[in-house]
Amino acid sequence: MKLARFESNGQPAIGVVSGDGIIKISDLLPEYTEMRQLAAAGPEVLAKLEELVTTAKPSIRLDGVKLLAPMERPRNFLGLGMNYRGHAIEVLRHGIKLPAHQSWFNKATSCLSGPYDDIDPGVTQQLDYQVELGVAIGQTARYVPREDAPKHVFGYFVADGVTARDWQLHATTYTLGKSFATHGPIGPWIVTPDEIGDPHNLELRCYVNGDLRQRSNTKEMVSNIWSQIEYLSTAFALEPGDLLLTGTPEGVGHAMIPQQHLKVGDVVRCEIEKIGFIENKVVPSKAKRFPKLVPLNYNLEEVADSSARRTDNLT
């Protein structure tokens with residue numbers, strides 16, 4: 001099934017995409033009004049929903065609604081860095097050291113936006129695109145071995161891991177550069193695993209103004225999805241509705257020579273086989289001010305002298 005969130009009479013609703021229409025889930029299972037509820041409900045409820053959908057007719061035209069980010073208020077929105085072999089090669093050319101282990105970072109959940117929403121650059125001067133396969137977690141995963149990881153996947157979606165490259169390098173955690181408002185477009189819906197089959201054999205592409213920038217296959221991941229869930233769930237619980245971005249392949253603008261960062265007016269289209277596409281336009285920033293960034297001055301010699309004087313006063 002393709003599970004979507006959309007605006008209905010000015011309010012968010014969830015539904016199943018059927019042809020050129022949407023079947024509203026609350027008409028079939030009134031107790032389920034949010035995608036996170038459905039993610040937590042488990043396979044029995046999804047099976048029941050699928051059965052009900054077979055005899056239901058769409059009540060809403062797909063082209064007559066605004067699609068929203070298909071998951072609301074995830075507790076975690078996490079991205080995996082340098083998880084494609086081709087991308088690893090292109091960053092090595094720029095002298096960036098590859099991590100020894102899976103390199104995860106947070107994207108603030110407030111950066112989530114819809115599949116066709118505009119991208120506001122904010123204050124970055126180095127706006128970049130990244131097509132990624134997204135994973136939505138179903139039932140809670142904690143200490144999950146990789147062979148059991150598929151049981152905890154609710155579904156898959158397309159993501160653009162939009163990045164402010166200059167701000168990304170302000171700290172080793174990457175969180176700031178990955179979390180600007182509107183820099184988390186995902187969708188267009190969540191596709192359940194039964195429609196995907198093997199998630200490690202999907203073609204993914206990214207276009208900028210119709211120009212193909214990224215093209216690869218999820219089989220090129222360094223750490224596959226099952227390994228990712230095992231790794232993360234060993235550190236903490238992955239809960240229903242949590243979102244994982246599984247890495248981007250080669251072809252990002254920041255790694256090109258010369259670099260090709262996004263500019264106002266550019267249109268980015270990210271596609272993944274069996275799921276669909278999202279498309280987002282870069283618009284003029286609404287930022288009210290562009291702060292002057294001054295490097296921190298720790299003045300370590302002065303700190304060391306002050307510390308030594310305090311020690312002397314104690315003796």
Matching residues, segment 131-153, being open to solvent by 10 Å² or more (accessible area, probe 1.4 Å) and not aliphatic (A, V, I, L, M): 139, 140, 142, 143, 145, 146, 147, 148, 150, 151, 152
Boolean, residue 77 is of a type in the set (Phe, Trp, Tyr) and closer than 16 Å to residue 168 by Cα: no
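In this structure, is residue 59 small (Gly, Ala, Ser), open to solvent by 20 Å² or more (accessible area, probe 1.4 Å) and in contact (Cβ under 8 Å) with a residue 12 or more places away in the chain? It would help to see each step written out before you state the result.
On the way: small (Gly, Ala, Ser): yes; open to solvent by 20 Å² or more (accessible area, probe 1.4 Å): yes; in contact (Cβ under 8 Å) with a residue 12 or more places away in the chain: yes.
Spelling it out, residue 59 is indeed small (Gly, Ala, Ser), open to solvent by 20 Å² or more (accessible area, probe 1.4 Å) and in contact (Cβ under 8 Å) with a residue 12 or more places away in the chain.
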Count of residues meeting criterion [open to solvent by 70 Å² or more (accessible area, probe 1.4 Å) and hydrophobic (A, V, I, L, M, F, W, C)] in segment 241-298: 6
Qualifying residue in segment 169-189 (condition: buried (at least 16 other Cβ atoms within 10 Å of the Cβ), touching a residue at least 24 places away in the same chain (Cβ under 8 Å), part of a strand (DSSP E or B) and among the charged types (D, E, K, R)): no
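Matching residues to (1) touching an Asp or Glu at 6+ places or on another chain (Cβ under 7 Å); (2) modelled with pLDDT under 95; (3) of a type in the set (A, V, I, L, M, F, W, C); (4) within 16 Å of residue 192 (Cα to Cα):
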site	(1), (2), (3), (4)
8	no, yes, no, no
17	no, no, yes, yes
21	no, no, no, no
36	yes, no, no, yes
42	no, yes, no, yes
66	yes, no, no, no
Number of positions in segment 202-224 that are of a type in the set (S, T, N, Q) and either at pLDDT below 95 or under 18 Å from residue 127 (Cβ atoms) (or both): 2
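With the condition kept exactly as written, say whether any residue in segment 117-128 is within 11 Å of the chain's Cα centre (by Cα) and at pLDDT 95 or above.
Taking segment 117-128 as the starting set, the residues that turn out to be within 11 Å of the chain's Cα centre (by Cα) are none.
Checked segment 117-128: no residue is within 11 Å of the chain's Cα centre (by Cα) and at pLDDT 95 or above.
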Members of segment 62-100 found to be free of Cβ contacts under 8 Å to residues at least 60 places away in the same chain, open to solvent by 60 Å² or more (accessible area, probe 1.4 Å), under 25 Å from residue 214 (Cβ atoms) and not small (Gly, Ala, Ser), listed by number: 92, 96, 97, 98
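The values are calculated or read from the model by the stated rules, or taken from the named source; none is laboratory data. Everything numeric in this text was worked out from a predicted model, so none of it was measured. As a convention, Cβ positions derive from the backbone with ideal geometry for all residues, glycine included, and neighbour counts pool all protein chains shown. The accessibility values were calculated without ligands, DNA or RNA, using every heavy atom of the protein model including side chains. Shrake-Rupley method; radii C 1.70, N 1.55, O 1.52, S 1.80 Å.
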